[in-house]
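**Q** Could you have a look at this structure, given as structure tokens, before my questions?
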Amino acid sequence: MENNDEHKEPAKQDVQEPSRRRFLVNAGFAIGGVVVGGALGSIIGRKAKEPAAPEPAPTEEKPAVPANYNRALMFFNQEQFSIVDAATERIFPKDANGPGAKELGVAFFIDHQLAGDYGFNGREYMSPPYFKGEKVQGYQGHLKRREMYDIALQEMENYSQAQFQKGFSQLAGEQQDEVLKAFEEDAVEITTISPSGFFKILRSNTLEGVYSDPLYGGNANMDGWRMRNYPGNQMSFTSIIDKDFKTIAPSSLQDHMAAK
Amino acid sequence: MATKLPKTDVVIVGVGWAGGIIASELTKGGLNVVGLEKGRSRKTEDYYMVHDELRYGVRYDLMQDLSKETVTFRSNEKIRALPMRQYGSFLIGDGLGGSGVHWNGQTYRFLPYDFEIRSKTIERYGKNKIPTDMTILDWGITYDKLEPYYDKFEKMAGISGDENPLGGKRSNPYPTPPMIKSPAMVKFVEATTKMKLHPYMMPSANLSETYTNPDGISRAACQYCGYCERFGCEYGAKADPVVTVIPVAKKTGKFEIRTHSQVRRILHNGNKVTGVMYTDVTTGKEIEQPADIVVLTGYVFNNVRLLLMSGIGKPYNPSTGTGVIGKNYAYQVIKGASVGFFEKEQFNNFAGAGALGVNIDDYNGDNFDHSNLKFIHGGSISLSQTGQRPILNNPIPGGSPTWGPEFKNNSLKYANRALSVGGQGSSMSYRHHFLDLDPTYKDTFGDPLMRLTFDFEDQDRELAKFLAGKCGEILKEMGANHVDSLKELGPYDIVTYQSTHNTGGAIMGSSPETSAVNSYSQMWDADNLFVVGASSFPQNAGYNPTGTVGALAYRAAEGILKYRTKGGLVE
Ligand SMILES: Cc1cc2nc3c(=O)[nH]c(=O)nc-3n(C[C@H](O)[C@H](O)[C@H](O)COP(=O)(O)OP(=O)(O)OC[C@H]3O[C@@H](n4cnc5c(N)ncnc54)[C@H](O)[C@@H]3O)c2cc1C
Ligand code: SF4
């Protein structure tokens, strides 16, 4: 192994900077004496265009947020997007702790996921024949996730119209909850997909959008992480592993790129 | 027509832990070895962007592409097996290093009882303690005989740990000191000590300090980065085949690795194997690689599948209990666990390492009296701190909402206020749990998929409840304000992740009537074929398997070298 010497003394004081630098040096990226956060700030400039971005927490310095060109749609149409945007907000709502799914960009995250491998079930066994299985045998449908979303969002819309004579995104919050609950409990009659199966996926995708690295389009500003004191991508916790709880400002994978 | 290549001494099918160890030992012993690996090549530099829970932890970046190959599953013979279309219960390794790249590194030795479970159980409790359909067997090797090979594996990997007070005898201490204890682990140690149990540090393949192994390989210390299980290590601190045994084999100049090479048949003539047929997946060409010795190291499923597809050994017949290939598939009872919620304290749950933890073995093996219990064996109980990444870890009190405002509030609140203590229950083998070829579903080459027939039994249900109860007691003693424990194990399902500790199908034993391989992992029916891995476990222990897989691989390598000079079944 190269660079073993770097590891003999685990970082003792600061958790973030020295360990990240050590990692970068090990991986062959020279960053000299550049202070990473500062470099990032000056490269990107300070044209914060994101209206949803909350004010930076007073305790920490955040780099300015660049225009977010990632916030456009790859898969959903406008109507689908607004249903997902509203539904995920009910699953993970804005509250005193901080932003909800909407502000975090969860619907954009889901849109982007469905446009790729995940939406096509690209790395899953989708070969026939298809049989209805036992619950313990897992998903046995032939629909891909993007097809399932297409159908389910239409069904959510239909159900909302039938129950409340309005589209899902126009409903009051409690009514939206009722619709979601009906799906969760299989109280909606649909033959093509399992309503509860879809609800499970929607819930999982919501948490993924809240907590995945912001590079995927959700977890805006790392605020999903911040709300639960999750520090994101840190290169070392050696100096705190035997210590009491500590809040550490989060860092994302982009910090690696910036350092390059 | 397959292209036929020149003959080599040894061909290895799958280059993960077992394959890597065997390659390094055989090439050091002077043999020419070809390693065929179906997946891609891998190196530490690939993990520059590895702290990505979505990509690696949730979308399984490092695991086998199931669109190409999976397994089928049914709970019993009466129902139709259906493909595992998406990952769930366990994950399948792929690419250089196999699952060894993204494992946690919890590296145990099985208990002496494990290797002689049938005779010891009968000796202490009488014949009737073992239900008639439970097909557990002694391994045909004892702990003491295997001890030197455990030692070898631990030295190669640099395992960090302290002695298990209830474990088998050790010839040497662990090569590196235990990892650092977190405050949660200190709590566990204090509580279990007070309860007169015997805590010890989890043996870890995440290095506690810089270490140079007997092969001259130096590796860095673990940084407790919290992205270990399901991730590759960007420091090379986690022992994996790519940073340990594979470079040693390569350095000899006698190891040729061919990635993207999927072995599809073992070729044989009478009771000797003659080589393998594989497909180069980049060109689709079929290639024949003749060899004097063939070693199967493709993990449980592919070891057994290749034997069955190639017509080697007698297939297991569950209705008569005869035959051996596919017999005694077993797993792990991992759901016997409890979660404790602490209202007044927070922990650095985000930090951790794959094998950072503390255990007790007071309820493992036959370390406690089973006379009045409805199960045999037990499991290791541990508190581990592997890094609670936020997508997959949202502990909330049982019965509380799983979405909406209350969920959000609870999940944020308890992210750093919940600790779990879990049992790793053993898994006994049964006559009706087995592996065979699926009659319907095929892989991308048109070859049949492996079919699993498996469910939990009364033994497992009792064991899970028992372990969950013990875990709960420990958490209460640790000061948890509220504890949720598993109540009922329920049926085995392939949907929720439990563990990648599948075992059996080409089991080890002392007779060709009841087992597929001898204690050198050598096939009784074809003495130049060695089948190495957890496929040889006759049942599973209350620990993670790889320490034992590693030990068996070192012993198999010794057997292969002996076979090379003397021939015949190695004694
Ligand atoms: C997330 C995770 C965490 C784990 N944590 C632990 C732990 O903490 N402790 C522990 O003891 N164990 C753990 N394990 C289990 C451990 O990874 C395995 O026991 C170990 O890797 C088995 O080694 P192996 O060489 O038998 O198989 P593998 O490491 O899986 O290697 C098999 C290789 O063979 C290749 N292969 C298969 N079939 C073919 C074919 N037909 N042709 C060519 N190549 C083929 C595969 O691509 C693969 O690379 C974990 C597993 C997972 C998935
Ligand atoms: S926890 Fe340690 S061993 Fe595991 S990936 Fe991180 S640095 Fe490597």
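**Q** Considering only segment A:116-133, I want to know if a residue exists there that is more than 20 Å from B:Tyr87 (Cα to Cα), modelled with pLDDT of 95 or more and out of contact with any Lys or Arg (no Cβ under 6 Å at 6 or more places or on another chain).
**A** no
**Q** Related question: Which numbered condition in (1) in the same structural domain as A:Gly138 (by TED's automatic domain parsing); (2) farther than 30 Å from B:Met185 by Cα; (3) not β-branched (Val, Ile, Thr) is the only one that A:Tyr211 fails?
**A** (2)
**Q** Filter segment B:215-229 down to residues that are surrounded by fewer than 24 Cβ atoms within 10 Å (Cβ to Cβ) and more than 7 Å from every other protein chain (Cβ to nearest Cβ) and give me whichever is nearest to ligand 2 (Cβ to nearest atom).
**A** Per the criteria, the residue is B:Glu229.
**Q** Follow-up. Test each condition in (1) surrounded by fewer than 23 Cβ atoms within 10 Å (Cβ to Cβ); (2) in a loop (DSSP other than H, G, I, E, B) for B:Met277 and report the one that comes out false.
**A** If we test B:Met277 against (1) surrounded by fewer than 23 Cβ atoms within 10 Å (Cβ to Cβ); (2) in a loop (DSSP other than H, G, I, E, B), just (2) comes out false.
**Q** Looking at segment B:40-62, which of its residues are out of contact with any helix residue (DSSP H, G or I) (no Cβ under 8 Å at 6 or more places or on another chain), closer than 27 Å to B:Ile391 by Cβ and not acidic (Asp, Glu)?
**A** Residues satisfying the conditions are B:Arg40, B:Tyr47, B:His51, B:Arg55, B:Tyr56, B:Gly57, B:Arg59, B:Tyr60.
**Q** Could you give me the residue pairs with C-beta distances under 6 Å whose first residue belongs to segment B:248-277 and is over 28 Å from B:Arg219 (Cβ atoms), whose second residue is buried (at least 16 other Cβ atoms within 10 Å of the Cβ) and basic (Lys, Arg) wherever it lies, and which are 6+ apart or on separate chains?
**A** Every condition considered, the pairs that remain are B:Gln262/B:Lys38; B:Met277/B:Arg264; B:Met277/B:Arg265.
**Q** Can you tell me how many residues in segment B:175-200 are in contact with a helix residue (DSSP H, G or I) (Cβ under 6 Å, 6 or more places away or on another chain) and closer than 24 Å to B:Arg219 by Cα?
**A** Total satisfying the criteria: 1.
**Q** Now a separate question. Consider B:Glu45 against the criteria (1) more than 26 Å from B:Leu296 (Cβ to Cβ); (2) touching a residue at least 40 places away in the same chain (Cβ under 8 Å); (3) not in a loop (DSSP other than H, G, I, E, B): it satisfies all of them except one. Which criterion is unmet?
**A** Only one criterion in (1) more than 26 Å from B:Leu296 (Cβ to Cβ); (2) touching a residue at least 40 places away in the same chain (Cβ under 8 Å); (3) not in a loop (DSSP other than H, G, I, E, B) is unmet by B:Glu45, namely (2).
**Q** Scanning segment B:188-214 for residues that are closer than 19 Å to B:Phe153 by Cα and surrounded by 24 or more Cβ atoms within 10 Å (Cβ to Cβ), which turns out farthest from the other protein chains (Cβ to nearest Cβ)? Walk me through how you get there before you give the answer.
**A** Keep residues of segment B:188-214 that are closer than 19 Å to B:Phe153 by Cα, which gives B:201-214.
Filter once more, keeping what is surrounded by 24 or more Cβ atoms within 10 Å (Cβ to Cβ): B:201-207.
Details: B:Met201: 13, B:Met202: 14, B:Pro203: 18, B:Ser204: 13, B:Ala205: 15, B:Asn206: 11, B:Leu207: 9 Å.
Looking at residues that are closer than 19 Å to B:Phe153 by Cα and surrounded by 24 or more Cβ atoms within 10 Å (Cβ to Cβ), I get B:Pro203.
**Q** Moving to a separate point now. Write out, first by first residue and then by second, each pair whose Cβ atoms fall under 8 Å of each other, whose residues are 6+ apart or on separate chains, and whose first residue, in segment A:187-209, is within 19 Å of B:Ile391 (Cβ to Cβ) while the second is among the polar types (S, T, N, Q) and outside any helix (DSSP H, G or I).
**A** Qualifying pairs under 8 Å: A:Arg203/B:Thr402; A:Leu207/B:Asn394; A:Gly209/A:Asn219.
**Q** Got at least one residue in segment B:207-216 being within 16 Å of ligand 1 (Cβ to nearest atom), touching a residue at least 12 places away in the same chain (Cβ under 8 Å) and either of a type in the set (Val, Ile, Thr) or out of contact with any Pro (no Cβ under 8 Å at 6 or more places or on another chain) (or both)?
**A** Within segment B:207-216 (the criterion being within 16 Å of ligand 1 (Cβ to nearest atom), touching a residue at least 12 places away in the same chain (Cβ under 8 Å) and either of a type in the set (Val, Ile, Thr) or out of contact with any Pro (no Cβ under 8 Å at 6 or more places or on another chain) (or both)), the answer is yes, since at least one residue qualifies.
**Q** Could you identify the single residue in B:Gly105, B:Gly98 that is within 16 Å of ligand 2 (Cβ to nearest atom) and either within 14 Å of chain A (Cβ to nearest Cβ) or surrounded by 23 or more Cβ atoms within 10 Å (Cβ to Cβ) (or both)?
**A** None of the other options fit; the residue is B:Gly105.
**Q** Select from segment B:79-95 the residues that are assigned to a loop (DSSP other than H, G, I, E, B), within 11 Å of chain A (Cβ to nearest Cβ) and not β-branched (Val, Ile, Thr) and list them in ascending order.
**A** Hits for segment B:79-95 are B:Arg80, B:Ala81, B:Met84, B:Arg85, B:Gln86, B:Tyr87, B:Gly88, B:Ser89, B:Asp94.
**Q** So if I check each of A:Ser212, A:Ser204, which one is surrounded by fewer than 19 Cβ atoms within 10 Å (Cβ to Cβ), among the hydroxyl-bearing types (Ser, Thr, Tyr) and within 9 Å of chain B (Cβ to nearest Cβ)?
**A** Being surrounded by fewer than 19 Cβ atoms within 10 Å (Cβ to Cβ), among the hydroxyl-bearing types (Ser, Thr, Tyr) and within 9 Å of chain B (Cβ to nearest Cβ) holds for just one of A:Ser212, A:Ser204, which is A:Ser204.
**Q** Also, I was wondering about something else. Within segment B:325-357, how many residues turn out to be within 16 Å of ligand 2 (Cβ to nearest atom), assigned to a loop (DSSP other than H, G, I, E, B) and touching a Gly at 6+ places or on another chain (Cβ under 7 Å)?
**A** First, the residues of segment B:325-357 that are within 16 Å of ligand 2 (Cβ to nearest atom): B:348-357.
Then drop every residue that is not assigned to a loop (DSSP other than H, G, I, E, B), which leaves B:348-351.
Adding the requirement that they be touching a Gly at 6+ places or on another chain (Cβ under 7 Å) leaves B:350-351.
Of the residues in that region, 2 qualify.
**Q** Checking the conditions here, which among B:Pro397, B:Pro390 is part of a loop (DSSP other than H, G, I, E, B) and either away from every other protein chain (no Cβ under 12 Å) or among the acidic types (Asp, Glu) (or both)?
**A** Residue meeting the stated conditions: B:Pro397.
**Q** Shifting gears a bit: Considering only segment B:345-377, how many residues are touching a residue at least 24 places away in the same chain (Cβ under 8 Å) and away from chain A (no Cβ under 14 Å)? So that I can check it myself, show each step before the final result.
**A** As a first pass, look at segment B:345-377 and keep what is touching a residue at least 24 places away in the same chain (Cβ under 8 Å): B:345-367, B:370-371, B:373-377.
Still in the list and also away from chain A (no Cβ under 14 Å): B:359-367, B:370-371, B:373-377.
Residues that pass the stated criteria total 16.
**Q** Hey, among the residues in segment B:467-482 that are surrounded by fewer than 20 Cβ atoms within 10 Å (Cβ to Cβ) and either of a type outside the set (Lys, Arg) or modelled with pLDDT under 95 (or both), which one's farthest from the chain's Cα centre (by Cα)? So that I can check it myself, show each step before the final result.
**A** At the first step, the residues of segment B:467-482 found to be surrounded by fewer than 20 Cβ atoms within 10 Å (Cβ to Cβ) are B:469, B:473, B:476-477, B:479, B:481-482.
Adding the requirement that they be either of a type outside the set (Lys, Arg) or modelled with pLDDT under 95 (or both) leaves B:469, B:473, B:477, B:479, B:481-482.
Numbers: B:Gly469: 25, B:Glu473: 28, B:Glu477: 31, B:Gly479: 33, B:Asn481: 34, B:His482: 33 Å.
Here the residue is B:Asn481.
**Q** What do you reckon, is B:Met49 at the interface with chain A (Cβ under 7 Å from one of its Cβ atoms) and either under 23 Å from the mean Cα position of the chain (by Cα) or not charged (D, E, K, R) (or both)?
**A** On the way: at the interface with chain A (Cβ under 7 Å from one of its Cβ atoms): yes; either under 23 Å from the mean Cα position of the chain (by Cα) or not charged (D, E, K, R) (or both): yes.
Yes; evaluated as a whole, the condition is true for this residue.
**Q** Then there's this: Among the residues of segment B:28-46, write down those that are more than 10 Å from chain A (Cβ to nearest Cβ) and hydroxyl-bearing (Ser, Thr, Tyr).
**A** B:Ser41
The values are calculated or read from the model by the stated rules, or taken from the named source; none is laboratory data. Quick caveat: nothing in here was measured; it's all calculated off a predicted structure. Please note: Cβ atoms are built from the backbone with ideal geometry, for glycine as well, and neighbour counts cover all protein chains shown.
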